[in-house]
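In what follows, a single structure is set out as structure tokens and then discussed.
The values are calculated or read from the model by the stated rules, or taken from the named source; none is laboratory data. Small disclaimer: the values here were computed from a predicted structure and weren't measured. Cβ sites come from the backbone with ideal geometry, for glycine too, and all protein chains shown count toward neighbours.
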Amino acid sequence: MLRRTARRRGPLIYRHTVAVRVMHWINVGCLLVLLLSGFQIFNARPDLYWGQASDFDAPLLSMGAHRAADGSVVGTTTVLGHRFDTTGVLGASRSASGEMEARGFPHWLTIPGPRWLAMGRTWHFFFAWLFVVNGMCFIAYSLWTRHLQRDLVPTRTDWRGIGRSIVDHLRLRHPTGEAARRYNVLQRLAYLVVLLAFGPGIVLMGLAMSPTMDSVLGWLLHIVGGRQSARTLHFLLAFALVAFVAIHVFEVIVTGVWNNLRSMITGYYRLPVAREDSRDES
């Protein structure tokens, strides 16, 4: 007679220190406020250009609205000269009172208020500096504890297995057993790109947009082609970071929501049982 054995559970390990967990959740709050207050600021001028000055005839991205023949408000988004009807989401959406109005991003995606630009800028700048300080603390802590060198920099073995790692991720086949104790090569590369490229790039482009920084970052404006270019790069890098967060959240869900949340709240993570050890025995 065949008999199924009880499913085994992997060991519980201490994965994230208190400092890493605190800085992680500070980043979560900062990025949320920066994104939504950034939408508020963008709505004051929902267009992106390349160069030093705004070329109203040829924006790279533009969100706007116009009235149709029947009098209804139609929202449109234009990307590189191609126009799309985005009524109800971008260009034109319903206000808090329920009326359709011209807006870049909808009011429920902006903070601290539907048309409170001055306070939106205040929130954005405050949390931007908090984000910068927190990021610098994380880099310093990671170098001091060798977390950066040990856990985030890919090894030669990681590079040799990058092809297999890509295939496994596409098949939603994630590391188990002892292999799950450390970050895989794609995780390491993603975190490094965010830490060393997306984060600093967003901050630098944000500073470059400020006329008061011309004496310090004038060389950077020259490299990127002008203040409007810096604004466009700031916008694109922000959405690259949003894409990273979306993928990160998806991976958290498919690999176990509670287990991953527990590791970022308490520090403890349960290693998934190795595949060859988790099969039912007869």
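For the stretch 54-67, check the following and say yes or no: at least one residue is surrounded by 13 or more Cβ atoms within 10 Å (Cβ to Cβ), among the hydrophobic types (A, V, I, L, M, F, W, C) and touching a Pro at 6+ places or on another chain (Cβ under 9 Å).
yes
May I ask you to say which residue of ARG94, ARG115, ARG121 is within 26 Å of PHE42 (Cβ to Cβ), over 24 Å from the mean Cα position of the chain (by Cα), of a type outside the set (Asp, Glu) and in the same structural domain as LEU192 (by TED's automatic domain parsing)?
Working: ARG94 fails: in the same structural domain as LEU192 (by TED's automatic domain parsing); ARG121 fails: over 24 Å from the mean Cα position of the chain (by Cα).
So the residue among ARG94, ARG115, ARG121 that is within 26 Å of PHE42 (Cβ to Cβ), over 24 Å from the mean Cα position of the chain (by Cα), of a type outside the set (Asp, Glu) and in the same structural domain as LEU192 (by TED's automatic domain parsing) is ARG115.
Looking at SER229, is it modelled with pLDDT of 90 or more, more than 16 Å from the chain's Cα centre (by Cα) and of a type in the set (Ser, Thr, Tyr)? Step through it out loud before you land on a result.
Numbers: modelled with pLDDT of 90 or more: yes; more than 16 Å from the chain's Cα centre (by Cα): yes; of a type in the set (Ser, Thr, Tyr): yes.
For SER229, the condition - modelled with pLDDT of 90 or more, more than 16 Å from the chain's Cα centre (by Cα) and of a type in the set (Ser, Thr, Tyr) - is met.
Please work out which residue is surrounded by the most Cβ atoms within 10 Å (Cβ to Cβ), limiting yourself to the stretch 20-46 and to residues that are touching a Gly at 6+ places or on another chain (Cβ under 8 Å) and farther than 30 Å from ALA140 by Cα.
GLN40
Can you tell me which residue within the stretch 253-268, out of those that are in contact (Cβ under 8 Å) with a residue 24 or more places away in the chain and part of a helix (DSSP H, G or I), is surrounded by the most Cβ atoms within 10 Å (Cβ to Cβ)?
Initial filter on the stretch 253-268 (in contact (Cβ under 8 Å) with a residue 24 or more places away in the chain): 254-255, 263-265, 267-268.
Among the residues that remain, those that are also part of a helix (DSSP H, G or I) are: 254, 263-265.
Numbers: VAL254: 11, SER263: 20, MET264: 16, ILE265: 13.
Looking at residues that are in contact (Cβ under 8 Å) with a residue 24 or more places away in the chain and part of a helix (DSSP H, G or I), I get SER263.
Which of (1) of a type in the set (Ser, Thr, Tyr); (2) crowded, with 16+ Cβ neighbours inside 10 Å; (3) at pLDDT below 85 does SER282 not meet, given it meets every other one?
SER282 satisfies all of (1) of a type in the set (Ser, Thr, Tyr); (2) crowded, with 16+ Cβ neighbours inside 10 Å; (3) at pLDDT below 85 except (2).
For residues that are part of a loop (DSSP other than H, G, I, E, B) and under 14 Å from TYR49 (Cβ atoms), tally how many sit in the stretch 203-230.
Just the residues of the stretch 203-230 that are part of a loop (DSSP other than H, G, I, E, B), to begin with: 209-210, 225-226.
Checking the rest, the ones that are also under 14 Å from TYR49 (Cβ atoms) come to 209, 225-226.
Counting residues in the stretch 203-230 that are part of a loop (DSSP other than H, G, I, E, B) and under 14 Å from TYR49 (Cβ atoms) gives 3.
Can you run down the residue pairs with Cβ atoms below 8 Å, 6 or more apart or on separate chains, where the first is in the stretch 210-233 and more than 20 Å from ALA58 (Cβ to Cβ) and acidic (Asp, Glu) and the partner is part of a helix (DSSP H, G or I) and at pLDDT below 90?
If the second residue must be part of a helix (DSSP H, G or I) and at pLDDT below 90, the pairs left are ASP214/LEU221.
Looking at (1) within 21 Å of the chain's Cα centre (by Cα); (2) over 30 Å from PHE39 (Cα atoms); (3) basic (Lys, Arg), find the lone condition where ARG270 falls short.
(1)
Only one of these is at pLDDT 90 or above, within 23 Å of the chain's Cα centre (by Cα), loosely packed, with under 13 Cβ neighbours inside 10 Å and of a type in the set (Phe, Trp, Tyr): PHE235, PHE250, PHE198. Name it.
Exactly one residue qualifies, and that residue is PHE250.
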